[in-house]
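The structure appears right after this line, and notes come after that.
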Amino acid sequence: MANTKVAELGHKALGLTDADVLAMYRQMLLARAVDERMWLMQRAGKIAFIISGQGHEAAQIGMTWPMRPNQDWMAPYYRSIASAITFGMTPEDIITAHLAKGDDVSSGGRQMPGHYGAARYNIVSLSSPVGTQVLHAVGIAMGAWVKGEDVVAITSFGEGTSNQGEVHEAMNFAGVHKLPVIFVCENNGYAISVPLAQQVGGLSVAARAEGYGFPGVTVDGADPLACYAAGKEAHERAIRGEGPTLIEAVVHRLTSHSSDDDQRRYRDPAEVEDLKQHDPIPLFASRLAAVGLLIAELDEQYRAEVKAEINEASKRAEARPEPDVATAELHVYAEEGG
């Protein structure tokens, strides 16, 4: 491969090897395959509800790639399939949680689908009210600062959630105390059916960071390397004690808001058709192929491996036991003497 082609991709200037960027691409394929399989299972009546992350894979994988496994923490949101996989969850973990099986790592079948969480992966279980996870991330960062621990917390949310009071309180507190936390807004332009112009005055979420006393940057959420660069810089700032960063990743929601929604009812058909042009997976595949890193045979190999992995994960997840009905109220009410 010619050096000029490596320079065109630019990954080595970021400290990434050829193997790293190929692994990122494979991870994007895996996250997409998990997502698509769960849609099929939802349509077959096996999963009650799904909120998709299709179109967000590049942003999520690029942003979480610099995070340190088993050291840093994540407070995700309901589209964080790719982020959760990058943090350690397996496709089987994610499918099992959506099937609400009794031994799923997120809640033992006691949470809604998309409520990722597992102490073993340093992922905080999110609450159903949107925005609460941002407070949790700041709390983790504050706790680490008090204990003198080298920990960075990352949290993600949509641009609709960025208007919630919890998010402003969290960012202000983190800015005042220069806490090691990374705020990631995955701006896909719609809060369910409400377009950005009716959600955000000024149309920029990143610009709000200045008011809280820390940097805010906007990146192309379809470019995993741009997202990696932003995530890496924010991570290094946090480690150096320079405080938070707000990253606004502009992404495209390739599916409806959820399995209970139909975006064709409120989006222009031309806009929906145009979404295909912003799919981060073929875009990244084209870049990797252009510099000779991703040849057709390797792409086919990855896709075959991912398909086999998802098939096995689905079979194992479906075979897992259902929750014990006798434990339905466990952790709902205070235990006697607890």
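The values are calculated or read from the model by the stated rules, or taken from the named source; none is laboratory data. Keep in mind the model is a prediction, meaning the values are calculated, not measured. Cβ coordinates were reconstructed from backbone atoms using ideal geometry, including for glycine residues, and neighbour counts include every protein chain displayed. We work out accessible area using only protein heavy atoms, side chains counted, and drop any ligands, DNA or RNA first. Shrake-Rupley method; radii C 1.70, N 1.55, O 1.52, S 1.80 Å.
When the chain is described by a simple charge dipole with +1 on each Lys and Arg Cβ and -1 on each Asp and Glu Cβ, the residue from LEU275, PRO76, LEU298 located farthest towards its positive end is LEU298.
If you place +1 on the Cβ of every Lys and Arg and -1 on the Cβ of every Asp and Glu, how big does the dipole about the Cα centre of the chain come out, in debye to the nearest 20?
On the way: 29 positive and 44 negative charges, 47 e Å.
The dipole magnitude comes to about 220 debye.
When DSSP beta bridges are restricted to pairs lying wholly in the chain, around 10% turn out antiparallel. With a cut-off of 13 Å between beta carbons, the residues surrounding ALA317 carry a summed charge of -2, where Lys and Arg count +1 and Asp and Glu -1. Annotation: aspartates and glutamates with alpha-carbon distance below 13 angstrom to LYS178 (same-chain offsets under eight excluded): GLU242. All alpha carbon pair distances within region 101-257 were sorted into 10 Å bins beginning at 0; the resulting P(r) in whole percents reads 11, 38, 37, 13, 1.
Count Lys and Arg as plus one, Asp and Glu as minus one, and take only other residues whose Cβ is under 9 Å from that of GLY221; the net charge is then -4.
For the pair LEU330 and VAL217 in one chain, pulling the backbone fully straight at 0.36 nm per residue adds 36.4 nm over the alpha carbon distance. Spin-label pair ALA290-ALA319: with each label point 7 Å from Cα along the Cα-Cβ axis, the two points sit 4.5 nm from one another. For the residues ALA141, ALA33, ALA326, a GNM of the chain with alpha-carbon springs under 10 Å puts the largest fluctuation on ALA326. Here the spin labels are modelled as points 7 Å beyond Cα on the Cα-Cβ line, and at TRP145 and GLU297 they lie 5.4 nm apart. Which shape class applies to region 195-252: rounded if a/c is under 1.5, otherwise prolate when a/b exceeds b/c and oblate if not, where a ≥ b ≥ c are the square roots of the Cα gyration tensor eigenvalues? Since a/c reaches 1.5 but b/c is at least a/b, the shape of region 195-252 is classed as oblate.
The apolar share of the surface of the chain, taken as the fraction of accessible area on carbon and sulfur atoms (1.4 Å probe, ligands and nucleic acids excluded), comes to 53 percent.
Looking at region 142-250, what % of its DSSP beta bridges pair antiparallel, to the nearest 5?
Numbers: 2 of 19 bridges.
So the antiparallel bridges amount to about 10 percent of the total.
In straight-distance terms, cross-link reach from LYS307 covers every one of the lysines whose alpha-carbon lies under 28 Å from its own, apart from those fewer than eight places away in the same chain; here that gives LYS46, LYS101, LYS276, LYS315.
Pairs of Cα atoms in region 14-124 fall into 5 Å distance bins, from 0 up to the last occupied one, in shares of 2, 13, 23, 25, 19, 10, 5, 2, 0 percent.
Separation of region 53-92 from region 260-338 is 12 Å, based on Cα centroids.
Mind checking which of VAL34, GLN60, ILE50 is farthest towards the positive end of region 32-95's charge dipole, using Cβ charges of +1 (Lys, Arg) and -1 (Asp, Glu) about the Cα centre? It is ILE50.
Per residue, the solvent-accessible area of region 82-159 (1.4 Å probe, heavy atoms of protein chains only, all protein chains present) comes to 32 Å². In the complete set of protein chains, residue-level accessible area for TRP65 is approximately 70 Å², probe 1.4 angstrom. Computed extension gain for GLN277 through ALA197, at 0.36 nm per residue and net of the alpha carbon distance, reaches 26.6 nm. Other residues lying with their Cβ under 15 Å from the Cβ of SER83 contribute a combined charge of -2, Lys and Arg counting +1, Asp and Glu -1. Accessible area per residue for region 211-286, computed on protein heavy atoms with a 1.4 Å probe, is 45 Å². According to the square roots a ≥ b ≥ c of the eigenvalues of the Cα gyration tensor, what is the shape class of region 98-139, taking rounded for a/c under 1.5, prolate for a/b larger than b/c otherwise, and oblate for the remainder? It is oblate, given that a/c is not under 1.5 and a/b is not larger than b/c.
Both radii were evaluated on the Cα set of the chain; the Rg over Rh quotient, with Rh as the Kirkwood radius, amounts to 0.96. Among ASP93, ASP104, ASP150, the largest mean-square fluctuation in a Gaussian network model of the chain, built with springs joining Cα atoms closer than 10 Å, belongs to ASP150. What the phi angles of region 22-30 give under the Karplus curve with 6.51, -1.76 and 1.60, with θ = phi - 60°, is a coupling list of 5, 5, 5, 5, 4, 5, 5, 4, 5 Hz, glycine and proline written as x. Considering only SER258, SER106, SER83, the Gaussian network model of the chain with Cα springs below 10 Å gives its largest mean-square fluctuation to SER258.
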